[in-house]
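> Attaching a single structure in structure tokens format; questions to follow.
The values are calculated or read from the model by the stated rules, or taken from the named source; none is laboratory data. Computed from a predicted model, the values in this text were never measured in an experiment. Ideal geometry is used to build each Cβ from the backbone, glycine not excepted, and the neighbour counts take in all protein chains shown.
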Amino acid sequence: MPEVGKRLRGRIFLRNATTQSMCYVIWIELRGTNFYWGIPHPTPDLPSTRIVPGQPTAITVPADFGRFPRASAKTSFHASGVTHVTSDGNGSQVLRDTYVGPITDFREPTLFAAMYTAVLGKRHPYPRNPGRGGVSAHILDIPESHWNRRWYVDFSLTPSGAYPPWPGVFLKDGVAPRVQTTPFLSEELDLILVVRATPIEGELNSWQPDKDLLVRVTPPEVRRPRSGMD
């Protein structure tokens, strides 16, 4: 098992259970008690749409979407307890520092990302060895019968234990998603990655079917601990 201070990298895939075709959805990295994640390809360098819980959200795709310059963004959860998003390009995807506490203080499943995938059959299959470079590959099998659907997928960090189902960004009450848990990201930190997935029904499968919709989830902000100097 990786020790505190060691670096662990992983790739998360959805795989067609029949054809073995794979879609690469996000990467993760644990470096000591710092956690990072991102998506494997640059995206159009446009500001994100803010989602307010309980309110409708409108997402508009510009007609010239494919012509925008692209940028790569990374979400960081630092040992200091600060999380933020950094990006190259014009910085439109940057998100300010928020204090959520160190990941070692998480006491229940904590959501950090969610997405509506593109229709999986319209995604480019991953052509390489999923574990190349010594990176851990975490794979969730999807039935062939549901490969031509969008999927709702979310990602959480949690200590080990038994928990009731926790809310997702778009996950409706009563939906029982497929669940994939990794081995410990770190046994020393008692930290596990949980991936949940459920197929999407209805009109969303025909709207922009080749595009993922990604949500970067910021856990609730908490009060910073007071230092002895305060």
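> What's the number of the only condition in (1) among the β-branched types (Val, Ile, Thr); (2) in a strand (DSSP E or B); (3) in contact (Cβ under 8 Å) with a residue 24 or more places away in the chain that residue 86 fails to meet?
Condition (3) is where residue 86 drops out.
> Going through region 103-132 one residue at a time, which ones are free of Cβ contacts under 8 Å to residues at least 12 places away in the same chain and part of a helix (DSSP H, G or I)?
132
> When both residues are 6+ apart or on different chains and their Cβ atoms are under 6 Å apart, which pairs have a first residue that lies in region 190-204 and is touching a residue at least 40 places away in the same chain (Cβ under 8 Å) and of a type outside the set (A, V, I, L, M, F, W, C), and a second that is part of a strand (DSSP E or B) and buried (at least 16 other Cβ atoms within 10 Å of the Cβ)?
Note: pairs meeting the criteria are 196/154; 198/152; 199/151.
> Can you find a residue in region 200-223 that is surrounded by fewer than 16 Cβ atoms within 10 Å (Cβ to Cβ), in contact with a strand residue (DSSP E or B) (Cβ under 7 Å, 6 or more places away or on another chain) and not hydroxyl-bearing (Ser, Thr, Tyr)?
Yes - at least one qualifying residue is present in region 200-223.
> Next question. Residues in region 41-62: is at least one touching an Asp or Glu at 6+ places or on another chain (Cβ under 6 Å), modelled with pLDDT of 80 or more, within 30 Å of residue 102 (Cβ to Cβ) and surrounded by 11 or more Cβ atoms within 10 Å (Cβ to Cβ)? Please lay out each step first, then the result.
In the first step, residues of region 41-62 are kept if they are touching an Asp or Glu at 6+ places or on another chain (Cβ under 6 Å); the result is none.
No, that holds for no residue.
> Mind checking which residues of region 89-102 are among the hydrophobic types (A, V, I, L, M, F, W, C) and either within 16 Å of residue 31 (Cα to Cα) or in contact (Cβ under 8 Å) with a residue 40 or more places away in the chain (or both)?
Residues of region 89-102 that are among the hydrophobic types (A, V, I, L, M, F, W, C), as a first pass: 94-95, 100.
The answer is 95, 100.
> Looking only at region 11-44, which residues are farther than 13 Å from residue 140 by Cβ, in a strand (DSSP E or B) and not hydroxyl-bearing (Ser, Thr, Tyr)?
Selection gives 27, 28, 29, 30, 31, 34, 35, 37, 38, 44.
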